[in-house]
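These notes are about the structure you will find just below.
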Protein chains: 2
Amino acid sequence: MSIPNPPVLDAIYNRRSIREFTDMPITPDTVAEIIKAGGWAPSGLNNQPWRFVIVRDKNVREDLAKFTKYSQIINESQICIAVYLDKRVMYNDVKDHQAAGACIQNMLLATEALGLGAVWLGQILINKDQVNQLFGLDSNYDLMAVLALGHPKHRKQKSQRKEINELILNEF
Amino acid sequence: MSIPNPPVLDAIYNRRSIREFTDMPITPDTVAEIIKAGGWAPSGLNNQPWRFVIVRDKNVREDLAKFTKYSQIINESQICIAVYLDKRVMYNDVKDHQAAGACIQNMLLATEALGLGAVWLGQILINKDQVNQLFGLDSNYDLMAVLALGHPKHRKQKSQRKEINELILNEF
C-alpha cells in the first residue's frame with residue numbers, strides 16, 4: 001500500500017491533533033512503523049528509555065478511557081499506544097522526559113506520514129498508577145502519555161502558533 | 001535555493017548527530033525555518049513554552065563553549081541555538097520538558113530537511129546558570145539544550161537502536 005510520507009517540513013507544519021476517527025482499522029504493520037519511528041528519536045547517551053503498551057482490544061480501551069476526561073477520544077480511536085519510561089534505564093529526569101517528548105513527536109509525525117491521525121493525551125497522567133495496574137506494570141515504568149490513533153474523520157482542524165520573533169530571546 | 005526536504009519517515013531514520021562541520025555559513029532564513037519548525041511542536045494546552053537564543057558570533061560561541069566538555073563541537077559549528085523554557089509559561093514540569101523534547105526533535109528534523117547537520121548538546125546543562133549569565137537572561141528562563149549546527153563535513157555517522165520487540169511491554 002502506498003503511503004503519503006510527505007516531505008518532513010510539510011508534515012511538521014500540517015500535522016494536527018486528530019480527535020475524531022472513522023471505524024477503519026489500523027494494521028499491525030502500521031503500528032510497528034509508528035513505534036519504530038519513536039525508537040529512532042535521539043536520547044541522552046542513546047539510552048533509549050522509552051517503552052510501549054499497545055491497546056487494540058476494545059474492552060481494555062474502555063477500561064483505559066475511564067482514567068481520563070477524554071474518554072470519548074480513546075473509545076472512538078482504533079488503537080492506543082501508551083508511552084512509558086523505564087526508570088531503571090533513566091539517568092536524568094529532565095533529559096529523559098525530553099527524550100520521551102522527542103520519541104512521541106516522531107510517532108506523531110510517522111502517524112501523519114502513514115495517512116493516519118493521532119492525539120497526544122497527557123491529562124490521563126493524573127491516574128498513571130491505575131493505568132499501570134490495568135496494564136499489569138510495576139512502578140519501574142512511568143507513564144509519559146497515551147496516544148490515540150485512527151483514520152481521521154476529517155482534516156478541518158486549525159491550530160496556531162506564536163510568531164518566531166516572539167520566541168527569540170536574544171541573538172548574538 | 002532548493003532544499004532536500006526528504007519524506008518524513010526517511011528524515012526520521014536517516015538523521016544522525018553531526019559533530020563535524022565545514023566552514024560554509026548558515027543563512028538567517030535557514031535559522032528562522034529551524035526555529036519555526038520547533039515552534040510547531042505540540043505542547044500541553046498549546047502553551048508553547050519554548051524560547052530561543054541564537055549564537056552566530058564567534059566570540060560568544062567561544063565563551064559558550066567553555067561551559068561544556070564538547071567545546072570543540074561548538075567552536076567548529078556555524079551557529080548554536082540554545083533552547084529555553086519560560087518558567088512563567090510552564091504548567092507542569094514533566095509535560096513541559098516533554099514539549100521541549102518535541103520542539104528539539106522538530107528542529108533536528110528541519111535541520112535534516114534543509115541539508116544541514118546538528119547535534120543536541122545536553123551536558124552543558126550542568127553550567128546552565130553561567131550560560132544564562134552569558135546571554136543576559138534571568139532565572140525565569142531554564143536552559144533545556146544547546147543545538148550546534150552547520151554543514152556536515154561528512155555523512156558517515158552510524159547509529160543503532162533496539163529492536164521494537166524489545167520496546168513493547170504488553171499488547172492487548
Inset, instruction - Shortest first and in nm with one decimal, please list how far the A:D57 label point sits from its counterparts in the other copies (point 7 Å along Cα→Cβ). - result: 6.1
Legend entry - DSSP bridge orientation in the protein assembly as shown - percent antiparallel, rounded to nearest 5: 85 percent
Legend entry - Label-point gap, in nm, between A:D23 and B:M24 - each point 7 angstrom along Cα→Cβ: 5.4 nm
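How much space per residue, in cubic angstrom, does the convex hull of the C-alpha atoms of the protein assembly as shown take up? All intermediate terms of the calculation are to be shown ahead of the outcome.
Values: hull volume 44.6 nm³, N = 344.
Spread over its residues, the Cα hull of the protein assembly as shown gives 130 Å³ apiece.
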Inset, instruction - Sort shortest first the distances from B:S159 to its counterpart in every other copy, using label points 7 Å along the Cα-to-beta-carbon line, and give them in nm. - result: 2.2
Legend entry - Equivalent ellipsoid, chain B (semi-axes from 5 times Cα gyration tensor eigenvalues, Å): 24, 23, 16
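Could you work out the mean count of beta carbons from other protein chains within 10 Å of each residue's beta carbon in A:43-49? Please list the in-between numbers first.
Details: counts 4, 5, 2, 5, 0, 5, 0.
If you average over the peptide's residues, the count of other-chain Cβ atoms is 3.
What percent antiparallel are the DSSP beta bridges of the stretch A:13-153, to the nearest 5? Present the calculation step by step, with values, prior to reporting the outcome.
On the way: 20 of 21 bridges.
For the stretch A:13-153, the DSSP antiparallel bridge percentage is about 95.
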Inset, instruction - Scan around B:F21 for amide H atoms under 5 Å from its own, H built in the peptide plane at 1.01 Å from N, and keep only partners 5 or more places away or cross-chain. - result: B:K153
Inset, instruction - For n ≥ 4 DSSP H runs only, could you compute -39500 (n - 2.57) per run for the protein assembly as shown, divide by its residues and tell me the 222 nm figure to the nearest 500? - result: -10500 deg cm²/dmol
Inset, instruction - Check the axis relating chain A to chain B and name the residue of A whose C-beta is nearest, distance in whole Å. - result: A:G101, 1
Inset, instruction - Note down the magnitude of the dipole of chain B about its Cα centre, charges +1 on Lys and Arg C-beta and -1 on Asp and Glu C-beta and zero elsewhere, to the nearest 20 debye. - result: 340 debye
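Within 10 Å of each Cβ of B:121-129, how many other protein chain Cβ atoms are there on average?
Per-residue shielding by partner chains comes out at 2.
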Inset, instruction - Take the alpha-carbon centre of the stretch B:77-113, take the same for the stretch A:24-75, and report the distance between them in whole Å. - result: 23 Å
Inset, instruction - Starting from the Cα-Cα distance between B:Y13 and B:N140, subtract it from 0.36 nm times their residue separation and give me the gain in nm to one decimal. - result: 42.2 nm
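Can you tally the net charge around A:V55? Count Lys and Arg as +1, Asp and Glu as -1, for every other residue whose Cβ sits under 12 Å from the Cβ of A:V55. Working shown, then result.
Details: positive: A:R56, A:K58, A:R61; negative: A:D57, A:E62, A:D63, B:E171.
Cβ neighbours under 12 Å give a net charge of -1.
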Legend entry - For A:D10, inter-copy label distances in nm, listed shortest first [label point 7 Å out on the Cα-Cβ vector]: 1.2
Inset, instruction - Mind checking the stretch B:81-172 for GluC sites (Glu not before Pro) that DSSP puts in a loop (not H, G, I, E or B) and that have at most 14 other Cβ atoms within 10 Å? - result: B:E163
Inset, instruction - Under 11 Å from the Cβ of A:V131, count the other residues' Cβ atoms, weight Lys and Arg +1, Asp and Glu -1, and hand me the total. - result: -1
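Return the average number of partner chain Cβ atoms within 10 angstrom of each residue Cβ along peptide B:58-69. Kindly include the intermediate steps, with their values, before the conclusion.
On the way: counts 1, 1, 3, 1, 0, 1, 1, 0, 0, 0, 0, 0.
Taking all residues of B:58-69 together, the mean is 1.
Just add up the charged neighbours of A:M107: K/R +1, D/E -1, any other residue whose Cβ is under 12 Å from the Cβ of A:M107.
Numbers: positive: A:R15, A:K36; negative: A:E33, A:E112.
Here the count lands on 0.
Using Cα pairs under 8 angstrom and six or more residues apart, how large is the relative contact order of chain B, in percent?
Working: 281 pairs, mean separation 58.7, N = 172.
Once normalised by length, the contact order is 34 percent.
Since every read-out is calculated from the coordinates, none of them should be taken as a lab result. This is a predicted model, so every value here is computed, not measured. For neighbour counting, all protein chains shown are included, and Cβ atoms are generated from backbone atoms with ideal geometry for every residue, glycine included.
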